[in-house]
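Q: The structure's right below; bear with me while I get my questions together.
The values are calculated or read from the model by the stated rules, or taken from the named source; none is laboratory data. All of these numbers come straight from a predicted model, not from anything done at the bench. When we count neighbours, we look across all protein chains shown, and the Cβ atoms used for this are built from the backbone with ideal geometry, even at glycine. Accessible surface areas use protein heavy atoms only, side chains included; no ligands, DNA or RNA. Shrake-Rupley method; radii C 1.70, N 1.55, O 1.52, S 1.80 Å.
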Number of protein chains: 2
Amino acid sequence: MSAPILVIPGSGELTATDRGLLYGEGVFETVHLRPDGPWELGPHLERLARSAALLGLTVPHGLADLAAGLTHEDGALRLVVTPATSFATVSDVPQISRIQRRDGIRLITHDLGLTKRPPWSLSGAKTISYAENLAAKRWAELQGADDLLWLTSDGYALEGPTASLVWLSGDTLCTVPAEPTGILPGTTAAKLLSSVVALGLRTEERMISVDELAEADAIWLVSSLRGLAEARTLNGSARAASPWTPRLLGLLGFIHRPG
Amino acid sequence: MSAPILVIPGSGELTATDRGLLYGEGVFETVHLRPDGPWELGPHLERLARSAALLGLTVPHGLADLAAGLTHEDGALRLVVTPATSFATVSDVPQISRIQRRDGIRLITHDLGLTKRPPWSLSGAKTISYAENLAAKRWAELQGADDLLWLTSDGYALEGPTASLVWLSGDTLCTVPAEPTGILPGTTAAKLLSSVVALGLRTEERMISVDELAEADAIWLVSSLRGLAEARTLNGSARAASPWTPRLLGLLGFIHRPG
């Protein structure tokens, strides 16, 4: 299925003088589209509005209504807001995301070379100035891995270029706090942590060094389309598949579909 | 004058599924357009091709011919290449650039919080993932300055968000080397350094601490549209106007026009 383009009612036309296209001054969200509609649409729209505000942009009113009416067997809904236009695209979830949801990933770590985010940093906004994120992921693939986990310069885990980090330590499911680190607050990670209490797990937001992470009972990169992608290797060391992976995927409503 | 859009012959159409618009995966150049054509077009096209190669993109053949035929009294030519399209826009040089060319700027410094660029860094490419650059400049304006000079975490000068640093120390005109620092190689700075031998100046590429920079005889941010914008204050300390500013602007063919 190709990607139909749905222009948000009330927004302007696509133009080559859009600062979104000229300077990456725009924001986006990727939402998992399901048979019963866009999953976790509310939190995604809230984050889109927060990202937009950081760039001085406003999300048009028509966007929520347009998105709410969409369904798909296993789809990707992209919402984009730039100074000149706002639009949505719908496509299949990429094959590679479905495979990683089922089979996990080879994960490597590398530090960002950052001691402290500068005061103008947009790292807490999901902007369309996303080329470095995708370059980081391509670099990881060139190293023979599937994905990357960014570290602070003193070796603490932050996030992936396109996903949040979640790990299980005993009976506690953990993720990295967004506020002190400047990482993007993960909508799927938040939903996961708020849901697992029903399974008898505790939850915690805390920092973790890469050495301590290697000792975790399970490690996942968590994002809206892949759901949970379990790290089956970390920096080349194999890790046993966790029985929690299918449980947590099921809890979030991700159903294994043919790769 | 509004910005006409010139689609490069042989390139595709503007589309909302362009990875340039969705993820800032594209490259650009800003060229000063003069009555006799685009200034330093060759070096700009070379840098555009190098930036494009870093993202796996190719500059269409028609672009050089299209650009070479354009003229303007004091104009801005933008060349943009994305996976889906390539185009050029022409507009007036912004009023603020002309004013800063004539009157100089209030310059402040801040470190990038970087110890080392990560191996996937695109900092040496001029990509359209430019939102952080513009956010940095807006932050400087909120501090009551006109522009910003980025420093390493140990206090050495790098570049501005949209310009190169050049300074005069005795009879030597200096700039920061691109190779070891990961800064963008400046086309206007390169042209300036290769031209000043005719005025009896020597040239050097070297690192400089912000403390040493404060002792320089003159400091400029150098870029294609502003030409040279002299720092008339550095972190709040006033600096006398250098007699070299009009000389160097003249040498590069920038003529004072009414602000």
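Q: If you filter the stretch A:10-114 for trypsin sites (Lys or Arg not before Pro), then keep DSSP loop positions with at most 14 other Cβ within 10 Å, what is left? Don't skip to the answer; put the middle values down first.
A: Working: sites: A:R19, A:R47, A:R50, A:R78, A:R98, A:R101, A:R102, A:R106; in loops: none.
Nothing satisfies the criteria.
Q: What residue among B:S123, B:S224, B:S164 shows peak mean-square fluctuation when chain B is described by a Gaussian network model with Cα springs under 10 Å?
A: Largest GNM mean-square fluctuation: B:S123.
Q: At A:G62, label 7 Å along Cα→Cβ: distances to the other copies, nm, ascending?
A: The projected label point of A:G62 is separated from its counterparts by 3.1 nm.
Q: Work through the residues other than A:D211 whose Cβ is under 14 Å from its Cβ and net out their charges, Lys, Arg +1 and Asp, Glu -1. Could the numbers behind the result be given before it?
A: Values: positive: none; negative: A:D111, A:D154, A:E212, A:E215.
So the environment of A:D211 carries a net charge of -4.
Q: Taking amide hydrogens as modeled 1.01 Å from N in the peptide plane, which residues meet the under 5 Å criterion relative to A:T109, leaving out close sequence neighbours?
A: A:L149, A:N235
Q: To one decimal in nm, how far is A:G250 from the same spot in the other copies, if labels go 7 Å from Cα toward Cβ? Please give the shortest first.
A: 8.2
Q: Moving to a separate point now. Comparing A:S223, A:S51, A:S97, which has the greatest mean-square fluctuation in the GNM of chain A with Cα pairs linked when under 10 Å apart?
A: A:S97
Q: Continuing with this model, one more query. What is the antiparallel percent of DSSP beta bridges lying wholly in the stretch B:1-90, to the nearest 5? Spell out each step's value before the answer.
A: On the way: 17 of 17 bridges.
Looking only at bridges with both residues in the stretch B:1-90, the antiparallel portion is about 100 percent.
Q: How big is the B/A interface in buried accessible area, both sides summed, 1.4 Å probe, to the nearest 100 Å²?
A: Values: alone 12240 and 12240 Å², together 20620 Å².
What B and A bury together is about 3900 Å².
Q: Treating only the Cβ of Lys, Arg, Asp and Glu as charged (+1, +1, -1, -1), what charge dipole size does the protein assembly as shown show about its Cα centre? Round to the nearest 20 debye.
A: On the way: 44 positive and 56 negative charges, 74 e Å.
For the protein assembly as shown, the charge dipole is close to 360 debye.
Q: Where a ≥ b ≥ c are the square roots of the eigenvalues of the C-alpha gyration tensor, would you call the protein assembly as shown rounded, which needs a/c under 1.5, or, failing that, prolate if a/b is larger than b/c, or oblate? Intermediate results must be reported in sequence, preceding the final value.
A: On the way: a/c = 2.30, a/b = 1.63, b/c = 1.41.
Here the protein assembly as shown falls in the prolate category.
Q: Give me a comma-separated list of calculated 3J(HN,Hα) values for the stretch A:224-236, in order, Karplus coefficients 6.51, -1.76, 1.60 applied at θ = phi - 60°, integers in Hz, x for any Gly or Pro.
A: Listing the rounded values in order: 5, 8, 6, x, 10, 10, 6, 6, 8, 9, 10, 6, x Hz.
Q: Here's something else I'd like to know. Taking the Cα centre of the stretch B:5-93 as the origin, how large is its charge dipole in debye, to the nearest 20, when only Lys and Arg (+1) and Asp and Glu (-1) carry charge on their Cβ atoms? Intermediate results must be reported in sequence, preceding the final value.
A: On the way: 5 positive and 11 negative charges, 57 e Å.
In total the dipole reaches around 280 debye.
Q: With both partners inside the stretch B:96-251, how many of the DSSP beta bridges are antiparallel, as a percent to the nearest 5? Before the final figure, lay out each step's value.
A: On the way: 17 of 29 bridges.
Counting DSSP beta bridges with both partners in the stretch B:96-251, the antiparallel share is about 60 percent.
Q: Net charge near B:I128, counting Lys/Arg +1 and Asp/Glu -1 over other residues with Cβ under 13 Å of its Cβ? Let's see the in-between values first.
A: On the way: positive: A:R19, B:R19, B:R78, B:K126; negative: A:D18, A:E25, A:E132, B:D18, B:E25, B:E29, B:E132.
That sum, taken over residues with Cβ under 13 Å, equals -3.
Q: Using the Cα gyration tensor of the stretch B:55-176, with a ≥ b ≥ c the square roots of its eigenvalues, what is the shape: rounded (a/c below 1.5), prolate (a/b larger than b/c) or oblate (neither)? Don't skip to the end; give the middle numbers.
A: Details: a/c = 1.87, a/b = 1.31, b/c = 1.43.
It comes out oblate by the Cα gyration axes.
Q: Give me the percent relative contact order of the stretch A:96-251, please, defined on Cα pairs under 8 angstrom at least 6 residues apart.
A: Working: 274 pairs, mean separation 44.7, N = 156.
Reported as a whole number, the value is 29 percent.
Q: Also, I was wondering about something else. Given label points at 7 Å from Cα along Cα→Cβ, what nm distances, shortest first, separate B:L142 from the same residue in every other copy?
A: 3.4
Q: Run through all the Cα pairs of chain B and give the fraction in each 10 Å bin from 0, expressed as whole percent.
A: Bins of 10 Å from zero give 7, 30, 36, 22, 5, 0 percent of pairs.
Q: Then there is this: When the helices in chain B are scored as -39500 (n - 2.57) per DSSP H run of 4 or longer and the sum is shared across all residues, what 222 nm value do you end up with, to the nearest 500 deg cm²/dmol? Walk me through the numbers on the way to the answer.
A: Values: 9 runs with 72 residues, N = 259.
Using -39500 (n - 2.57) per qualifying helix, the result is -7500 deg cm²/dmol.
Q: Also, I was wondering about something else. Note down the Stokes-Einstein diffusion coefficient of the stretch A:8-109 in µm²/s, whole number, using a Kirkwood radius over alpha carbon pairs, 25 °C, and 0.890 mPa s.
A: Values: Rh = 14.7 Å.
Here the translational diffusion coefficient equals 167 µm²/s.
Q: Moving on to the next point. What residue among A:S86, A:T181, A:G236 has its Cα farthest toward the positive end of the dipole of chain A, where the charges are +1 on Lys, Arg and -1 on Asp, Glu, each on the Cβ?
A: A:S86
Q: Can you give me the accessible area per residue for chain B, using a 1.4 Å probe, in Å²? Don't skip to the end; give the middle numbers.
A: Numbers: 10310 Å² over 259 residues.
It amounts to 40 Å² per residue over chain B.
Q: Given a 1.4 Å probe and every protein chain left where it sits, what share in percent of the accessible area of the stretch B:96-251 is carbon and sulfur? Write out the running numbers ahead of the final one.
A: On the way: 3040 of 6080 Å².
Carbon and sulfur together cover 50 percent of it.
Q: Can you pull out the GluC sites (Glu not before Pro) in the stretch B:176-259 whose DSSP state is coil and whose Cβ has at most 11 other Cβ atoms within 10 Å? All intermediate terms of the calculation are to be shown ahead of the outcome.
A: Numbers: sites: B:E204, B:E205, B:E212, B:E215, B:E230; in loops: B:E215.
Within the stretch B:176-259, the qualifying GluC sites (Glu not before Pro) (loop, at most 11 other Cβ atoms within 10 Å) are B:E215.
Q: How charged is the neighbourhood of A:G170? Take every other residue with its Cβ under 15 Å from the Cβ of A:G170, and add Lys/Arg as +1 and Asp/Glu as -1.
A: On the way: positive: A:R202, A:R206; negative: A:D171, A:E204, A:E212, A:E215, A:D217.
Summing Lys and Arg as +1 and Asp and Glu as -1 gives -3.
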